[in-house]
Amino acid sequence: MAVRILHLHSTFALGGKEARAVRLMNAFGDAAEHTVVSAVPEQLSARAALEPGIRVDFPEDAPSLTGKPTPLRLFRLARYMRPFDLVLTYNWGAFDAVMSLRLFGGPPLVHHEDGFNQDEAEGLKPLRNRYRRIGLGAARRLVVPSEQLEKVARTAWGQPPHRIERIANGIPVERYALPPEEGLLRLPQEPGEIVIGTVAGLRPVKNLPRLVRALAAVRHKKARLVIVGEGPESERIASEARALGVGARVHLPGFIADPARYIGAFDIFALSSNSEQFPISLLEAMAAGLPVVATGVGDILAMVSADNRPLIVSPDDEAGFAAALDSLADRPDLRASIGRANREKAVAEYDEKVMIARYARLYGEAIGAPRALLPPGT
């Protein structure tokens with residue numbers, strides 16, 4: 001009998017945590033059936049990455065994950081969760097569901113924390129810390145992808161070591177060795193052109209206007225910037241590009257499924273975020289053999305190869321960010337050598353097979369059936 005899993009997401013627009021959740025759903029195959037609820041109901045683009053045949057429902061009548069945490073609202077959430085075998089909650093936007101199980105009980109629950117939005121990028125909120133400390137008593141495990149978040153869980157959230165599980169994100173690295181699909185990004189091709197690219201939700205915490213400003217400061221005037229993703233910051237990004245006179249060199253193609261199909265078309269991968277933890281988009285870029293210029297937040301410095309580390313700069317150093325891009329723009333040999341080192345590290349450390357097996361065992365142990373979700377042959 002299939003395991004009935006309820007996924008409660010802060011958003012189900014395709015980002016790092018959503019991409020991982022979808023990969024796991026695809027890997028579990030017929031062993032599970034899924035119900036997905038998003039705190040932002042209209043943000044469901046990650047469903048496009050689900051493989052045909054995966055049993056998944058997106059109900060329109062589920063209780064809202066947002067609102068004041070009144071006892072009645074939390075009771076209704078707990079009642080909704082009762083028929084499921086396992087509840088998986090993701091980030092602060094779904095935390096009321098964790099608290100509802102703390103108060104009223106229910107199925108086994110595993111909570112995931114992958115990072116922070118702009119409202120906590122500069123510092124954690126004491127009230128949220130206290131709420132997490134109380135609510136996480138309902139979780140069988142708290143899963144985090146990064147060393148930094150593991151420290152936050154132990155200190156700010158007061159979680160005992162036995163409750164915390166750090167599982168590094170992984171990807172199907174072999175797929176990223178394939179050539180990109182031609183024309184997918186719909187870019188004009190010019191001799192000597194350099195494509196700086198990123199894959200991100202267009203949200204304030206990603207600070208994509210910083211990336212636009214870096215492009216404007218790059219000396220290589222045939223450099224283009226491609227930002228793949230969707231979100232509320234689209235017009236702000238475009239406005240910044242127009243104001244700096246680089247509107248024609250900044251491309252916002254929107255959401256494109258399956259980065260393995262196009263990320264290799266970039267020459268340089270860039271991340272300009274105010275806050276990250278263990279970004280999957282960075283793993284994808286490394287697996288595609290790209291050099292990376294990024295802000296040194298979360299575990300990014302430890303993730304990239306030793307050759308790439310000089311290109312990781314402070315979030316406050318916009319001049320250094322642009323200089324790092326400049327150092328690669330006219331050096332195809334340097335881009336290639338750093339890209340090879342990143343690819344080698346991705347193959348050695350970030351293949352998804354280990355990640356999938358660890359999540360499958362963790363979820364199986366939570367419901368008392370350790371092998372229920374393990375893919376065949378694992």
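A quick yes/no check of all residues on (1) of a type in the set (A, V, I, L, M, F, W, C); (2) in contact with a Phe, Trp or Tyr (Cβ under 9 Å, 6 or more places away or on another chain); (3) under 30 Å from Ala139 (Cβ atoms):
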site: Ala285; (1), (2), (3): yes, yes, no
site: Met303; (1), (2), (3): yes, yes, yes
site: Asp307; (1), (2), (3): no, no, no
site: Gly320; (1), (2), (3): no, no, no
site: Pro332; (1), (2), (3): no, no, no
site: Ser337; (1), (2), (3): no, no, no
site: Met355; (1), (2), (3): yes, no, yes
site: Glu365; (1), (2), (3): no, no, yes
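With respect to the numbered conditions (1) of a type outside the set (A, V, I, L, M, F, W, C); (2) modelled with pLDDT of 95 or more; (3) over 16 Å from Glu193 (Cβ atoms), which one is the sole condition not fulfilled by His251?
The one condition His251 does not meet is (3).
When you go through (1) open to solvent by 40 Å² or more (accessible area, probe 1.4 Å); (2) of a type in the set (A, V, I, L, M, F, W, C); (3) free of Cβ contacts under 8 Å to residues at least 24 places away in the same chain one by one for Ile134, which number turns out not to apply?
If we test Ile134 against (1) open to solvent by 40 Å² or more (accessible area, probe 1.4 Å); (2) of a type in the set (A, V, I, L, M, F, W, C); (3) free of Cβ contacts under 8 Å to residues at least 24 places away in the same chain, just (3) comes out false.
Give, as residue ranges, the helices (runs of 4 or more DSSP H) completely inside segment 65-166 that count at least 1 residues that are closer than 20 Å to Ala21 by Cα.
Working: elements: 71-81, 95-104, 118-121, 126-135, 147-155.
Ranges flagged: 71-81, 95-104, 147-155.
Kindly indicate the residue of segment 268-287 that is in contact with a Pro (Cβ under 8 Å, 6 or more places away or on another chain) and open to solvent by 10 Å² or more (accessible area, probe 1.4 Å) and also farthest from Gly170 (Cα to Cα) among those meeting that condition.
The extreme case among them is Asn274.
Touching a Ser or Thr at 6+ places or on another chain (Cβ under 9 Å), farther than 15 Å from Leu6 by Cα, open to solvent by 40 Å² or more (accessible area, probe 1.4 Å) and of a type outside the set (D, E, K, R), is that true of Gln43?
On the way: touching a Ser or Thr at 6+ places or on another chain (Cβ under 9 Å): yes; farther than 15 Å from Leu6 by Cα: yes; open to solvent by 40 Å² or more (accessible area, probe 1.4 Å): yes; of a type outside the set (D, E, K, R): yes.
Yes.
Show the residue pairs meeting these rules: Cβ distance below 9 Å; 6+ apart or different chains; first residue within segment 93-117 and over 19 Å from Pro71 (Cα atoms); second residue open to solvent by 20 Å² or more (accessible area, probe 1.4 Å) and hydroxyl-bearing (Ser, Thr, Tyr).
Sorted first by the residue in segment 93-117, then by its partner, the pairs are Asn117/Ser10.
Inside segment 204-287, counting only strands (runs of 3 or more DSSP E) that do not spill past its ends, which hold 1 or more residues that are basic (Lys, Arg) and within 22 Å of Arg186 (Cα to Cα)?
On the way: elements: 223-228, 250-254, 268-271.
Those strands (runs of 3 or more DSSP E) span 223-228.
Do you know which of the residues in segment 14-28 that are in contact (Cβ under 8 Å) with a residue 60 or more places away in the chain and open to solvent by less than 20 Å² (accessible area, probe 1.4 Å) is nearest to the chain's Cα centre (by Cα)?
Step one: list which residues in segment 14-28 are in contact (Cβ under 8 Å) with a residue 60 or more places away in the chain, which gives 14-17, 19-21, 23-24, 27-28.
Adding the requirement that they be open to solvent by less than 20 Å² (accessible area, probe 1.4 Å) leaves 17, 20-21, 24, 28.
Values: Lys17: 4, Arg20: 7, Ala21: 10, Leu24: 14, Phe28: 20 Å.
Taking the candidates together, the pick is Lys17.
Tell me the residue from Ala156, Ala139, Ala168 that is crowded, with 22+ Cβ neighbours inside 10 Å and either modelled with pLDDT of 90 or more or more than 15 Å from the chain's Cα centre (by Cα) (or both), please. If you could, list the steps in order and put the result at the bottom.
Working: Ala156 fails: crowded, with 22+ Cβ neighbours inside 10 Å; Ala168 fails: crowded, with 22+ Cβ neighbours inside 10 Å.
Testing whether each residue is crowded, with 22+ Cβ neighbours inside 10 Å and either modelled with pLDDT of 90 or more or more than 15 Å from the chain's Cα centre (by Cα) (or both) leaves just Ala139.
The values are calculated or read from the model by the stated rules, or taken from the named source; none is laboratory data. Treat the numbers as computed from the prediction; the structure is a model and nothing was measured. Every residue, glycine among them, receives a Cβ derived from its backbone with ideal geometry; neighbour counts consider all protein chains shown. Heavy atoms of the whole protein, side chains included, go into the accessibility calculation; ligands, DNA and RNA do not. Shrake-Rupley method; radii C 1.70, N 1.55, O 1.52, S 1.80 Å.
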